[in-house]
1. Aspartates and glutamates within cross-link reach of Lys20: Cα-Cα under 15 Å, excluding same-chain residues under 8 positions apart?
2. Roughly how many nanometres apart are two label points built 7 Å out from the Cα toward the Cβ at Asn66 and Phe87?
3. Simple spin-label model, 7 Å along Cα-to-Cβ: Asp106 to Glu5 in nm?
4. Using the Karplus equation 6.51 cos²θ - 1.76 cosθ + 1.60 (θ = phi - 60°), what ³J(HN,Hα) coupling, rounded to whole Hz, does each residue of the range 8-14 give in order, writing x for Gly and Pro?
5. How much length, in nm to one decimal, is gained on full extension between Lys77 and Arg44, taken as 0.36 nm per residue of separation minus their Cα-Cα distance?
6. List the lysines whose alpha-carbon lies under 17 Å from that of Lys104, not counting same-chain residues fewer than 8 positions away?
7. Relative to 2.2 N^0.38 Å, what does the C-alpha radius of gyration of the chain come to as a ratio? Two decimals please.
Amino acid sequence: MNTKENLVNLFSTAESSTEKLWEISLVTLGSLAWNQEQVENLLRKYLDQKKLARDEGTKLMEELVNQAKTNQQQIQKMIQESVVGAFGNLDIPTFSYIDDLSKKVDELSKKVENL
């Protein structure tokens, strides 16, 4: 397998991984939104049934919203860590490495032409 084929395979794998991670992210965010909506609905029902004081209800709602935000941040962190982990294991060549290889090929081509 030559370098070009390796790069094509590498980028194909990276693209596939990225698509899967994107799908997971969308499902996770959709689930979070649905869960937050369900919690808000339950809270509204609870407030209606128990007729909590307005301040207590507001405080409870703020706590739930803060918890939802914290959960979302934790999930985003997990997704970021999984993306970094997935791409960290791929051994992707850097642009400087590819530039160095191109310069070496050019130098070798000149040497061959001079022979």
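Rule-based calculations on the coordinates, nothing more; no lab input. Keep in mind it's a predicted model, so treat the numbers as computed, not measured. Backbone-built Cβ (ideal geometry, glycine too); neighbour counts: all protein chains shown.
1. Reachable aspartates and glutamates: Glu81.
2. Here the answer is 3.4 nm between the modelled labels.
3. Taking the simple label geometry, Asp106 and Glu5 are separated by 2.8 nm.
4. Result, rounded to whole Hz: 4, 5, 5, 5, 5, 5, 5.
5. Contour length minus Cα-Cα distance gives 8.8 nm.
6. Lys4
7. Here the answer is 1.97, to two decimals.
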